[in-house]
Amino acid sequence: MPLLVDGRRVRLPQSAGDLVRAHPLLEERARLLRGQSVQQVGPQGLLYVQQRELAVTSPKDGSVSILGSDDATTCHIVVLRHTGNGATCLTHCDGSDTKAEVPLIMNAIKSFPDHTQCGRLEAHLVGGFNDDRQLSQKLTHQLLSEFDRQEDDIHLVTLCVTELNDREENESHFPIIYGIAVNIKTAEIYRASFQDRGPEEELRAARALTGGPMISIYDAKTEQLRIGPYSWTPFPHVDFWLQQDDKQILENLSTSPLAEPPHFVEHIRSTLMFLKKHPSPANTLFPGNKALLYKKNEDGLWEKISSPGS
C-alpha cells in the first residue's frame, strides 16, 4: 500500500522539497514547526530515545507521557502514530539499516491491541540538512521509499527534513531543528531539547558507537525501560582516539563536523572512556547476563529495579 499525503498517493522518488511543493499542507506544517521556539523538556514523564533506539507506548501508559530525542544532524527522528488507539513510536534513525528499521517501527505499533480499529497510521519525519556528503538526502529517500513499501497505508503528516530543515550561515549549512518531542496523550509534536538523556546514557551511546543495530528499549505493558544485555567487541584504537584533540575527534567521528551541537566532542570522549573501561560489557555491566531494568517512580523519574529472578 502506498505512502499518502492528504489522501493522495505520493509519487516517489522525489526530493523532500519537491514533495512539499506538490502538497502545500506539508509545506505549511514544516514552516510552522521550524518557526516554533525550542522547549526545554524536563525528566518527569520523559522517555529519551538515543540514536538507533526506538520506543513505543500509548495514552494508557501511566509512567511515560513524552517521547523525545535530539542531537540529530544528518540523522532523522521518526514518529509513527496510530490515530485510533494512540500507539506512538519514536525512533532516531542514522541510515545504518533503514530497510530493516522501518518494519521494526511498523511492528512496534502493530503490537498494540486495537491497532485494526478505526484510525490511520500517521508518520512524521524531522531532521537532517543540506550536508556536504548528502547523507541527509540519502536517508530521507531511504525512509520515504521504505514506508512506501509497507503493506499498510501510511499518511505522511509532517516532513521537515534535509533541505526543509536547512539554514545557511557564512556559507556553511546547519539543521534548524535538532530535536523533537511528542506528547503521547495529545499527539502534539514540538521542537525540544533535553538536559536528561538517561538512564545509562553512556552505556546506550557506547552500544550505538560500536555499531549495534536498532532496538526497542521500552515495554509498555510493564512500563519498564529495559537496557541490554549488550555485547560489543573492543573499540578499535580507543587509546589513539582519546589522545586526539577536539578538532581531530570532530572531523573524524562526526558525519557533519561543522553542524554538531557544542557538547558533541565531550559526549564522544565520555563514550570512548566508557568503552575503554568496559571492553567486554557482558561481564562487568550485566551480571548474570541480565537486563538492567528501570521504572518511573512517584516523582516521574527513572529508578533502577532489580533484575528478574535476582
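The values are calculated or read from the model by the stated rules, or taken from the named source; none is laboratory data. Everything quoted here is computed from the prediction, not taken from an experiment. Neighbour counts run over all protein chains shown; Cβ positions are idealised from the backbone, glycine included. In case anyone asks, the SASA skips ligands and DNA or RNA and just uses the protein heavy atoms, side chains included. Shrake-Rupley method; radii C 1.70, N 1.55, O 1.52, S 1.80 Å.
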- Can you work out which of the residues in segment 91-105 that are farther than 22 Å from Gly179 by Cα and without any contact (Cβ under 8 Å) to a residue 60 or more places away in the chain is surrounded by the most Cβ atoms within 10 Å (Cβ to Cβ)? Pro103
- Considering only residues that are more than 27 Å from Asp246 (Cα to Cα) and in contact (Cβ under 8 Å) with a residue 60 or more places away in the chain, look in segment 271-291 and name the one that is least open to solvent (accessible area, probe 1.4 Å). Ala291
- Task: Filter segment 18-77 down to residues that are under 19 Å from the mean Cα position of the chain (by Cα), loosely packed, with under 14 Cβ neighbours inside 10 Å and under 26 Å from Glu101 (Cα atoms), then give me how many there are.
- Result: 0
- Residue, nearest to Ala291 (Cα to Cα), within segment 169-199, restricted to residues that are at pLDDT below 95 and among the acidic types (Asp, Glu): Asp196
- Within the bounds of segment 195-206, is there any residue that is assigned to a loop (DSSP other than H, G, I, E, B), open to solvent by less than 60 Å² (accessible area, probe 1.4 Å) and among the hydrophobic types (A, V, I, L, M, F, W, C)? no
- Answer yes or no: is there a residue in segment 235-251 that is open to solvent by 40 Å² or more (accessible area, probe 1.4 Å), more than 27 Å from Leu139 (Cα to Cα) and basic (Lys, Arg). no
- Considering each residue of segment 156-192, count those that are open to solvent by less than 40 Å² (accessible area, probe 1.4 Å), within 19 Å of Leu26 (Cβ to Cβ) and not hydrophobic (A, V, I, L, M, F, W, C), and give that number. 7
- Which residues, counting only those in segment 143-155, are open to solvent by 50 Å² or more (accessible area, probe 1.4 Å) and either modelled with pLDDT of 95 or more or assigned to a helix (DSSP H, G or I) (or both)? Arg149
- Out of segment 252-270, which residues are closer than 18 Å to Gly211 by Cβ and open to solvent by 70 Å² or more (accessible area, probe 1.4 Å)? Asn252
- Here the residues within segment 6-17 that are part of a loop (DSSP other than H, G, I, E, B) and open to solvent by 80 Å² or more (accessible area, probe 1.4 Å) are Arg11, Pro13
